[in-house]
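For reference, the structure is listed below as structure tokens.
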Amino acid sequence: MERFTTSQTVGEIVTLFPKAADLFKANRIDFCCGGNVSVKEAAEKRNLSADELLDAICNLYGQYAGKGVEQNWNEAGYTEIVNHIQATHHAFLREELPNLSPYVTKVMRVHGGNHPHLIEVHKLFNQLKTELLEHTEKEDTEQFPAIRAYENLPTAANLKAATAGLTDLETEHAAVGEILHRLREITNDYTLPEGACRTFQLVYQRLENFENDTFQHIHLENNILFKRLLEEAV
């Protein structure tokens, strides 16, 4: 395993060592949509010491190195990655977004008077739901079949088709990332108010879980799947 450095990008480090995502997330460093910045730049934006952040990454790696619990997606084929994204992340959001929606609405209606930020939470959640469902439908019906076709028959024409929409998809990922960051900001990192009811607790917990899954989802697409395809197209 190569040594980590502050000049490596956040996305590269998470690709090499997926557990580092937990550390970046704890420090509110974007490893998916903002994964192309170096550790040094990311630390400076958060007023953190890059060297201390790197030490923490290396220490964490020391704890988990050799345990073999993480799938190395760099070594996986395109079809294997796409199948995993669809079975794991796309299936999760298609189930979770409609199921969580009525609870978000209920909390806004019951508690929005005392906690007006819940009105914006409701608006942002519905925007997120619409954009993500449209986005994944596009991937499942257009982009992912093209990627599978390229792996099965790696011609120049199939590579062009497999990469044609990737820039647009990355732009849509960035928009989703902005919504998730805004949700975290207005909920004060999903900090519950005193005396929050069980539905209020459920909404915050499931929104945060959804954020975790979406960050992993976008990282896998932007920093591994799309990156490899675009490098082949150069």
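The values are calculated or read from the model by the stated rules, or taken from the named source; none is laboratory data. Computed from a predicted structure; not experimentally measured. Here the Cβ positions follow ideal geometry from the backbone for every residue, glycine too, while neighbour counts run over all protein chains shown. When the accessible area is computed, the model is the full protein with side chains, heavy atoms only, and any ligands, DNA or RNA have been set aside. Shrake-Rupley method; radii C 1.70, N 1.55, O 1.52, S 1.80 Å.
Things to note:
- In segment 135-156, the residues that are of a type in the set (A, V, I, L, M) and either free of Cβ contacts under 8 Å to residues at least 24 places away in the same chain or exposed (fewer than 13 other Cβ atoms within 10 Å of the Cβ) (or both): ALA146, ALA149, LEU153, ALA156
- Any hit, segment 157-170, residues being open to solvent by 20 Å² or more (accessible area, probe 1.4 Å), closer than 23 Å to PHE210 by Cα and either within 21 Å of the chain's Cα centre (by Cα) or in contact (Cβ under 8 Å) with a residue 12 or more places away in the chain (or both): yes
- Every test in (1) open to solvent by 50 Å² or more (accessible area, probe 1.4 Å); (2) in contact (Cβ under 8 Å) with a residue 60 or more places away in the chain; (3) closer than 15 Å to LEU207 by Cα is passed by GLU96 save one, and that test is (1).
- Pick from segment 189-208, criterion part of a helix (DSSP H, G or I) and free of Cβ contacts under 8 Å to residues at least 12 places away in the same chain, ranking: most open to solvent (accessible area, probe 1.4 Å): ARG198
- The criterion of at least 1 residues that are of a type in the set (Lys, Arg) is met by the following helices (runs of 4 or more DSSP H) wholly inside segment 74-180: 91-111, 117-138, 144-152, 156-163.
- Tallying residues that are open to solvent by 20 Å² or more (accessible area, probe 1.4 Å) and touching a Phe, Trp or Tyr at 6+ places or on another chain (Cβ under 8 Å) within segment 224-233 yields 1.
Per-residue answers, yes or no, for (1) under 19 Å from ILE186 (Cβ atoms); (2) at pLDDT below 95; (3) of a type in the set (A, V, I, L, M, F, W, C):
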{"site": "GLN63", "(1), (2), (3)": "no, yes, no"}
{"site": "GLY68", "(1), (2), (3)": "no, yes, no"}
{"site": "ILE85", "(1), (2), (3)": "no, no, yes"}
{"site": "PHE92", "(1), (2), (3)": "no, yes, yes"}
{"site": "ILE119", "(1), (2), (3)": "yes, no, yes"}
{"site": "ASN126", "(1), (2), (3)": "yes, no, no"}
{"site": "GLU139", "(1), (2), (3)": "no, no, no"}
{"site": "GLU151", "(1), (2), (3)": "no, no, no"}
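- For segment 9-22, the tally of residues that are open to solvent by less than 20 Å² (accessible area, probe 1.4 Å) and free of Cβ contacts under 8 Å to residues at least 40 places away in the same chain stands at 1.
- Across segment 71-88, not a single residue is classified as more than 30 Å from PRO154 (Cβ to Cβ) and open to solvent by 40 Å² or more (accessible area, probe 1.4 Å).
- Pair list, Cβ under 6 Å, 6 or more apart: segment 23-49 residue within 27 Å of LEU169 (Cβ to Cβ), other residue small (Gly, Ala, Ser) and open to solvent by 50 Å² or more (accessible area, probe 1.4 Å): SER38/SER7
- Counted residues, segment 165-198 - those being among the β-branched types (Val, Ile, Thr) and under 14 Å from HIS219 (Cα atoms): 2
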